[in-house]
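Peer 1: Take a look at this one; I'll ask things after.
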Amino acid sequence: MIEEIKDKLKNRDRVIRVLSKNGHFRAVAVKNTMAAITAQEKHKLDGLSASYLAKALSSATMLSAFLKGEERVSIEFSGDGCMNKLYAESLQVGECRGFVSYKDNIEPITNLSEILGQGTLKVTRILYNEPEPIIGIVPIQKGDISTDLAYYFAQSEQIGSGVVLDADFNENGKIIQSGGFIIQAMPDATDNELQTMENKLSEVTSLSKDFMEGLSLIDILKKYLPFDFDILKSTQVDFFCRCSKENFIAKLLLLPIDEIKDMQNRKQNELICQFCSKHYYLDNNDFNNIISAIKAKQN
Ligand SMILES: [Zn+2]
C-alpha cells in the first residue's frame with residue numbers, strides 16, 4: 001500500500017527549478033504526462049495534435065516556474081499551417097490548460113513544418129508588479145516548439161537557452177509520455193562551461209525513453225547537466241481550467257439584449273469552453289435572468 005502511494009507520488013506530474021551551485025546556469029524540468037493525457041481526452045485530439053499541445057503545455061509550465069504567486073504565462077503559436085492556433089497557459093501554482101484549432105479545409109501535409117506553417121510565437125507574462133502584460137513575439141522558426149522557444153529566449157530575452165521537449169504517443173494515438181527541460185546560461189557562465197553544456201545537450205536523444213526507464217526529473221537533470229545544482233522549487237502540475245457557468249454568464253451580460261433574445265429564440269443554449277472543451281447549457285431560467293440583469297443595468 002505504502003509502495004503504491006510512493007509510486008503514485010513519484011509518477012505525479014511535477015515541475016522543478018534548479019540553480020547550479022556556482023550560479024552560472026539555471027534550469028527547469030517538467031514531467032506532465034497526466035496533464036497531456038487529460039488535455040488529449042478533453043479535446044478529443046489525435047496523437048500528433050495532442051503531442052503538439054503537450055509540448056506547448058510543457059513550455060508554458062516551465063516558463064511559469066520562474067514566476068511567483070498567481071503570476072501566469074501563455075504561449076501562442078499562430079500560423080498559416082493546418083493547425084492555425086496552438087495555445088497553452090500556466091499559472092505558477094501548477095495549473096495549466098490549452099487548446100489547438102485548425103484551418104477549415106485541411107490539405108494533407110508532407111512535412112511536419114507544415115503543421116504550424118509560417119507565423120508567430122507570442123509569449124505573454126502577467127506579472128504582479130507590471131500594469132500591462134509583458135509580451136514577446138518572434139517568427140516561428142521550425143515549428144517544432146523547442147527550436148521556436150529557444151529562438152524566442154535568444155531574440156526576445158537575450159538568454160542563451162537549450163530547450164528539450166518530448167511527447168510520445170502509442171500506435172493507438174494515445175499520449176504515453178510528456179515532459180521537457182530548459183537550461184539557461186546566466187551572465188557569469190564562461191565560454192568553456194557553455195561549450196560543455198552544448199556538448200552535453202547534443203547527447204539528449206529521447207526524454208520519453210528516460211521517463212520510461214523510470215528516471216525522475218532530478219535523475220534527468222543530473223544526467224544532462226554537467227554541474228551540481230540546488231533544487232529551488234518543486235511544484236505539482238495539473239491540467240485545470242477555472243471556467244464555470246457563472247463566468248460565461250458574466251460575459252453574456254456584456255452583450256446587447258437583442259443578441260441574448262436571439263440566442264434564446266434559436267435555442268442556442270450551449271456554451272463550450274475553448275480551453276477545456278467543457279460544455280455548459282443555459283435553460284430558459286438562465287436566459288430570463290440574463291435578460292432581466294441587462295435590462296436592470298440599462299435603467
Ligand atoms: Zn474550461
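The values are calculated or read from the model by the stated rules, or taken from the named source; none is laboratory data. Small disclaimer: the values here were computed from a predicted structure and weren't measured. Cβ sites come from the backbone with ideal geometry, for glycine too, and all protein chains shown count toward neighbours. Accessible surface areas use protein heavy atoms only, side chains included; no ligands, DNA or RNA. Shrake-Rupley method; radii C 1.70, N 1.55, O 1.52, S 1.80 Å.
This table checks each residue for (1) at pLDDT 95 or above; (2) small (Gly, Ala, Ser).
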site: Ile5; (1), (2): no, no
site: Asn11; (1), (2): no, no
site: Arg14; (1), (2): yes, no
site: Val18; (1), (2): yes, no
site: Ala27; (1), (2): yes, yes
site: Thr33; (1), (2): yes, no
site: Gln40; (1), (2): yes, no
site: Ser59; (1), (2): yes, yes
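Peer 1: On to the next question. If you check Glu70, Glu41, which single one turns out to be over 13 Å from the mean Cα position of the chain (by Cα), more than 20 Å from Tyr152 (Cα to Cα) and free of Cβ contacts under 8 Å to residues at least 12 places away in the same chain?
Peer 2: Glu41
Peer 1: When you go through Gly179, Gly173 one by one, which is the residue that is in contact (Cβ under 8 Å) with a residue 24 or more places away in the chain, in contact with a Lys or Arg (Cβ under 7 Å, 6 or more places away or on another chain) and either not in a loop (DSSP other than H, G, I, E, B) or not polar (S, T, N, Q) (or both)?
Peer 2: The conditions single out Gly179.
Peer 1: So in the range 231-287, with the set limited to residues that are in contact (Cβ under 8 Å) with a residue 24 or more places away in the chain and touching a His at 6+ places or on another chain (Cβ under 9 Å), which one is surrounded by the fewest Cβ atoms within 10 Å (Cβ to Cβ)?
Peer 2: Restricting to residues being in contact (Cβ under 8 Å) with a residue 24 or more places away in the chain and touching a His at 6+ places or on another chain (Cβ under 9 Å), the top hit is Ser277.
Peer 1: Using the structure shown, decide if Asp228 is of a type in the set (Asp, Glu), in the same structural domain as Arg14 (by TED's automatic domain parsing) and open to solvent by 90 Å² or more (accessible area, probe 1.4 Å).
Peer 2: yes
Peer 1: Name every residue in the range 139-173 that is under 15 Å from Glu76 (Cα atoms) and aliphatic (A, V, I, L, M), in order of residue number.
Peer 2: Within the range 139-173, Ile140, Ile145, Leu149, Ala150 qualify.
Peer 1: Okay, next question. Return yes or no: is Arg97 within 16 Å of the ligand (Cβ to nearest atom), assigned to a strand (DSSP E or B) and either at positive phi or charged (D, E, K, R) (or both)?
Peer 2: Yes: the conditions hold for Arg97.
Peer 1: Okay, moving on. Do we find that Tyr128 is more than 17 Å from the chain's Cα centre (by Cα) and of a type in the set (Phe, Trp, Tyr) in this structure?
Peer 2: In short, yes.
Peer 1: Can I ask one more? Might you let me know whether the range 27-44 holds any residue that is over 20 Å from Phe240 (Cβ atoms), open to solvent by 20 Å² or more (accessible area, probe 1.4 Å) and assigned to a helix (DSSP H, G or I)?
Peer 2: no
Peer 1: What's the number of the only condition in (1) at pLDDT 95 or above; (2) surrounded by fewer than 19 Cβ atoms within 10 Å (Cβ to Cβ); (3) of a type in the set (Gly, Ala, Ser) that Gly180 fails to meet?
Peer 2: Answer for Gly180: the failing condition is (2).
Peer 1: Report yes if some residue within the range 240-249 is more than 16 Å from the ligand (Cβ to nearest atom), at negative phi and out of contact with any Gly (no Cβ under 9 Å at 6 or more places or on another chain); otherwise report no.
Peer 2: Within the range 240-249, none of the residues are more than 16 Å from the ligand (Cβ to nearest atom), at negative phi and out of contact with any Gly (no Cβ under 9 Å at 6 or more places or on another chain).
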